[in-house]
Structures are given as C-alpha cells and as structure tokens.
Amino acid sequence: MNRIKLAIFDLDGVITSTTNEHFIAWSELFKKNFGIDLSPELEVRTRGVSRRDSLNVLLDHYDLAVDEKKLKALMEEKNEHYRSLIETFDASDLMEGALPLIEYLREQGVLIALGSASRNAPMLLKNLGIEAFFDFVVDPAGKKGKPEPDIFLSAMRHFELEASECIAFEDAVAGVEAINRAGMFSIGVGDEDLSHADLHIKTFKALSLRKIKGIIQG
Ligand code: B16
Ligand code: MG
C-alpha cells in the first residue's frame with residue numbers, strides 16, 4: 001500500500017523547459033520599454049515566480065517605478081510575446097524522463113496534479129499532448145505565489161489528503177521552499193542549488209524506479 005497518494009509536478013523547468021522563452025520575452029520588453037539590456041543572472045530570480053512578481057523583481061533591480069496601469073500593460077505585452085514563442089511546443093519539448101515517471105506513478109495508483117505558477121499551463125499541457133495524464137491542474141489565479149505553499153496545498157486539499165501523503169517536484173529555489181512550507185516531501189530537479197530539497201536530482205534519469213518506489217511506499 002502506498003503512503004504517497006498524490007504527486008504534484010511543477011511545469012516550467014520540470015516537465016518542459018520554457019526558461020529561455022520567458023527570459024527572451026522579458027528581455028525584449030525591457031529593451032523596448034526602458035532601453036535596458038537585462039542582466040542574464042536575473043533569469044534565475046524569475047523562475048517559479050508569478051508574472052507580476054517577476055516583473056516587480058526586474059523593475060526593482062533597475063530602480064524603476066510604474067503605476068498599476070503600466071504594470072498591467074507590461075505584463076500583457078510580455079505574455080503576448082511569450083505565448084507566441086511557445087505556440088510551436090509539442091511532445092518533442094518534454095523533459096527527458098518526465099512522462100515515463102508520470103506514467104509509472106499512475107500505474108502505481110498515485111494521483112497526478114500540476115502545481116505551476118503559470119497561467120499558460122493549460123495551453124502548454126495541451127501543446128505537449130499530456131493533458132490526459134493529469135487528475136487536477138491548480139489554477140494559480142488569486143493564490144499566493146511560490147515560495148508561499150498555497151499552490152501545492154490547493155492540490156492536496158482538492159483530494160482531501162494530508163501533506164504526508166504528497167510529494168512534489170520543482171526546479172526553482174522558491175518552488176522547493178513552497179513545497180517544504182506545505183510540509184510535503186520535496187524533490188528538486190535541475191542544476192540550481194536546491195540543497196533545501198528532501199531529494200535533489202539533476203535530471204529524471206538520476207531517479208531510478210526503485211528509488212521512487214521506495215519514496216512512495218514510505
Ligand atoms: P506565466 P512554473 C513559472 O512556471 C515560471 O517559472 C516563471 O518564470 C513565470 O513567471 C511563471 O510561471 C508565471 O508564468 O506568465 O505563464 O503565468 O515553474 O511555476 O511552472
Ligand atoms: Mg518551475
């Protein structure tokens with residue numbers, strides 16, 4: 001009998017990589033509107049962070065202040081460009097090993113949810129052809145963004161589970177922090193310093209079925 005009943009996946013950086021597309025859209029926005037070339041090291045500070053919070057991080061970095069109307073216009077402009085960049089995404093853009101892991105977890109009777117901060121997540125899941133693998137997709141609208149735990153807790157509550165019955169996968173520092181604050185077992189994926197995760201793997205190839213079976217059986 002599994003102890004773990006629900007696995008929650010982040011999208012960007014875990015199931016597919018849209019890091020470049022997000023940053024290209026932010027970079028063009030700042031160049032066009034403020035004549036600024038975004039410093040590449042800012043990219044990591046927008047990972048897993050909502051659109052509005054990402055924009056505020058970038059504006060603060062350059063000591064720029066805009067009113068709410070301009071803020072909304074900037075978010076909209078960035079999003080339109082970002083959506084045009086991900087239009088061509090398909091199954092070939094899935095992160096290696098992500099889908100086999102999801103399929104294995106489903107075979108083991110574990111429910112699958114998406115816990116992404118991205119409001120474009122439903123479109124991406126469709127483009128990637130993996131909508132049907134998800135029992136629940138969290139709507140991030142109106143929820144506190146990562147590192148607050150709300151997105152992960154929302155999936156847990158949907159299935160009326162306890163945190164000890166959930167695991168979650170994240171590529172971002174703020175995302176792992178959010179899982180930890182939710183009290184769930186956190187699995188950090190990728191090259192970032194995710195030493196605060198309960199388990200950190202560079203790629204899904206590093207996660208054997210034996211290991212994941214051990215985690216879900218507790
Ligand atoms: P959107 P995740 C996050 O996705 C991205 O990592 C982050 O860069 C982005 O700002 C955020 O989604 C919001 O995305 O503008 O599409 O609503 O990693 O939580 O899946
Ligand atoms: Mg992410």
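Given their separation in residues at 0.36 nm each and the Cα-Cα distance between them, ALA65 and ASN79 gain 3.1 nm when the chain is fully extended. Shown in residue order for segment 3-11 are the 3J(HN,Hα) couplings computed by the Karplus curve 6.51 cos²θ - 1.76 cosθ + 1.60 at θ = phi - 60°: 7, 8, 10, 9, 10, 10, 10, 6, 9 Hz (x for Gly and Pro). Put a plus charge on the Cβ of each Lys and Arg, a minus charge on the Cβ of each Asp and Glu, and nothing anywhere else: the dipole of the chain about its Cα centre is then about 400 debye. Peptides 63-70, 187-194, 41-48, 84-91 ranked from most to least packed by the mean count of surrounding Cβ atoms within 10 Å: 187-194, 41-48, 84-91, 63-70. Can you work out the FRET efficiency for the pair ILE36 and MET1, with r the C-beta to C-beta distance and R0 = 45 Å, to the nearest 0.05? Between ILE36 and MET1 the formula returns 0.20. Given ILE24, LEU55, ASN79, which one lies farthest toward the positive end of the charge dipole of segment 19-86, if we put +1 on the Cβ of every Lys and Arg and -1 on the Cβ of every Asp and Glu? Positive-end residue among those listed: ASN79. Label positions at PHE159 and HIS196, each projected 7 Å from the Cα along the C-beta direction, are separated by 2.5 nm. One chain, two ends: LYS72 and ARG45. Fully extended at 0.36 nm per residue, the span grows by 7.7 nm beyond their Cα-Cα distance. Between amide H atoms placed 1.01 Å from N, distances below 5 Å from VAL137 occur with LEU114, all of them 5 or more places distant or on a separate chain. If you count Lys pairs in segment 1-113 whose Cα atoms are under 21 Å apart, skipping same-chain pairs closer than 8 places in sequence, the total is 10.
None of the figures in this text is laboratory data; all of them are computed from the coordinates on show. Note that the structure is a prediction, hence the values are computed from the model and not measured. Glycine gets a Cβ as well: all are built from the backbone with ideal geometry, and neighbour counts include every protein chain shown.
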